[in-house]
Amino acid sequence: MTSTQQNYVNGEWSDSENGETFECTDPAAPDEVVAEYQRSTAADVESAVEAAADASEEWATMPAPQRGAILREAAANLAERKEELTQLLVREEGKTSGEAGGEVQRAIDIFYYYAEKTRDLGGSRKSASSAGTDLYTVDQPVGVAGLITPWNYPIAIPAWKMAPALATGNTVVLKPAELAPGTALALAGALDEADIPDGVVNVVTGKGSELGPPLIEHEEVDAVSFTGSTEVGQQVYQSATDAGKRAQCEMGGKNPTVVGESADVEQAADIVANGAFGVTGQACTACSRAIVHESVHDEFVDALVARAEDIDIGPGDEYDMGPQVSESELEGTLDYVDVAEQEGATLETGGGQPEGEHLGDGYYVEPTVFSGVERDFRIFQEEVFGPLVSVTEVADFEEALETANDSQYGLSASIVTNDHEEAERFVHEVESGVAKVNAKTTGLELHVPFGGFKQSSTETWREQGDAGIDFYTIQRTVYDE
Ligand code: NAD
């Protein structure tokens, strides 16, 4: 029987005000319903924000290490449920078991990390220039944080917003993506079991277009943190900042990997294939543009195609790549295949749906490589968000750099090279928030800042590491003569 999951508001599991629900299905077997969730309304958002506002003072004044102890216990609760959450993630979002297990572990690690951070929170003593003056800074939480998250990392992204917000004394209302809300609710469950005070954390499920505006514009909400598409993120940023809130939006990407003249071609093909086809290409940092020096181009394309064709597609444990999350995401990728062919790119491999009894009606698509992609082609410029990578040939490093930077996005970028000088120039001159040498564009450790340039990010704030603490903190300066 299908389980019906409730919202978590003011320390209680509750139905939405209108009693309506919606279903989430398994992208590997779309006839199977994974769970039902509350189709909440603006009234549910209102209750959640009120609860968060009421809980603010108690949580903000609790000594930070005590908040840390609750986060630590929540991390342990998540760890106990790791296998169950991994399977839920596989069924709801379509990651392979290995990818899903890695993501759940990341969420656990984030909670432990920010639990430890609470020991150092509060402010710092400074030396004043006049004798007898006590000069120090005091850190305060911003207040109530409204968090809006996408489906592609449905537990890690809510965790990397929620954990620093809570550690620093903010209360939160989370609106997770409607395609995969199950694991985000599990974060509330883990905190509930750790006896977090009522109202400090609230999770309300439902449609973004219905719940986003009342959350973002609510006068009791002080900060808004959003991750998702550039189109929605720009609207969210505009309305949040118009309403005078501190706001941060992490958005799309079109991430390049440059393959230099001196590159080890086999290594480059591994790096691009992992970056492009891992998590079915549904990562904001996925490699979607390989920019390759002409001297190694043909050899590289052959090596990349071999890797793409070696990928076993299917659900769960035994396969290398799962389905796309939904029919519309699958259609989106297949439409880009048509567009690329019409624009004159050469389809090297993939481009369609794989066949096989074990694939059923799942939203699977083949890992796809296009060569001969020019800079004005749509597959060069637009985020596809599927396992599709374009290859563009360049004559030298200058052209490679210019080509990498020819994008409205600037999230992650990498270079494969054995030329140290080239690597150094790339790191400094590529327009992206994350720059990597001889590594894939995806994957970032949790203790370093994350964010992009241009349309990938609102650049004022970063997330993760100490940057996560900064966004949820107001610094004040005190002179005591
Ligand atoms: P999306 O923009 O469709 O949805 C993101 C969230 O916004 C969801 O919770 C959704 O319900 C909500 N939403 C939708 N309409 C809204 C509105 N009008 N007001 C407020 N909220 C609204 O994105 P998605 O399809 O869930 O995720 C994929 C996108 O996320 C990709 O573009 C990807 O690059 C991006 N992403 C970026 C990062 C990053 O850190 N930069 C990380 C992961 C994903």
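The values are calculated or read from the model by the stated rules, or taken from the named source; none is laboratory data. Everything quoted here is computed from the prediction, not taken from an experiment. Here Cβ is always computed from backbone atoms with ideal geometry, including for glycine, and neighbour counts include all displayed protein chains.
Tabulated data
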item	result
Which listed residue is assigned to a helix (DSSP H, G or I) and under 27 Å from the mean Cα position of the chain (by Cα), from A52, A43	A52
The stretch 185-218 - residue that is of a type in the set (D, E, K, R) and not in a helix (DSSP H, G or I) and, of those, nearest to E20 (Cα to Cα)	K207
Unmet requirement for L191, which otherwise passes all of (1) out of contact with any strand residue (DSSP E or B) (no Cβ under 8 Å at 6 or more places or on another chain); (2) closer than 19 Å to L78 by Cβ; (3) more than 16 Å from the ligand (Cβ to nearest atom)	(1)
Top-ranked residue in the stretch 306-348 [being part of a helix (DSSP H, G or I) and of a type in the set (D, E); ranked as farthest from the ligand (Cβ to nearest atom)]	E309
Residue satisfying condition, being modelled with pLDDT of 95 or more and farther than 24 Å from Y37 by Cβ, within set A76, A100	A76
Test: residue in the stretch 466-479 that is of a type outside the set (G, A, S), in contact with a Leu (Cβ under 6 Å, 6 or more places away or on another chain) and surrounded by fewer than 20 Cβ atoms within 10 Å (Cβ to Cβ)	yes
Set G199, G206, G182: member being away from the ligand (no atom under 15 Å from the Cβ) and farther than 15 Å from C249 by Cβ	G199
Residues being near the ligand (Cβ under 7 Å from one of its atoms), in a helix (DSSP H, G or I) and more than 17 Å from P214 (Cα to Cα) - total across the stretch 226-284	2
Enumeration of residues in the stretch 389-418 that are of a type in the set (S, T, N, Q) and closer than 17 Å to T441 by Cβ	S390, T392, T403, N405, S407, Q408, S412, S414, T417
Candidates E399, E431, E393, E422 - the one that is in a helix (DSSP H, G or I), surrounded by 13 or more Cβ atoms within 10 Å (Cβ to Cβ) and touching a helix residue (DSSP H, G or I) at 6+ places or on another chain (Cβ under 9 Å)	E422
Qualifying residue in the stretch 7-24 (condition: in contact with a Pro (Cβ under 9 Å, 6 or more places away or on another chain), at pLDDT 95 or above, surrounded by fewer than 20 Cβ atoms within 10 Å (Cβ to Cβ) and small (G, A, S))	yes
Pairs with Cβ under 8 Å, 6+ apart, first in the stretch 127-151 and touching a residue at least 40 places away in the same chain (Cβ under 8 Å), second among the aromatic types (F, W, Y) and away from the ligand (no atom under 16 Å from the Cβ)	A128/Y479; T133/Y479; D134/Y479; L135/Y479; P141/W59; P141/Y472; V142/Y472; A145/Y472
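Let's see how each residue does on (1) of a type in the set (S, T, Y); (2) more than 30 Å from S328 (Cα to Cα):
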| residue | (1), (2) |
| --- | --- |
| R39 | no, no |
| N77 | no, yes |
| E80 | no, yes |
| S124 | yes, yes |
| S129 | yes, yes |
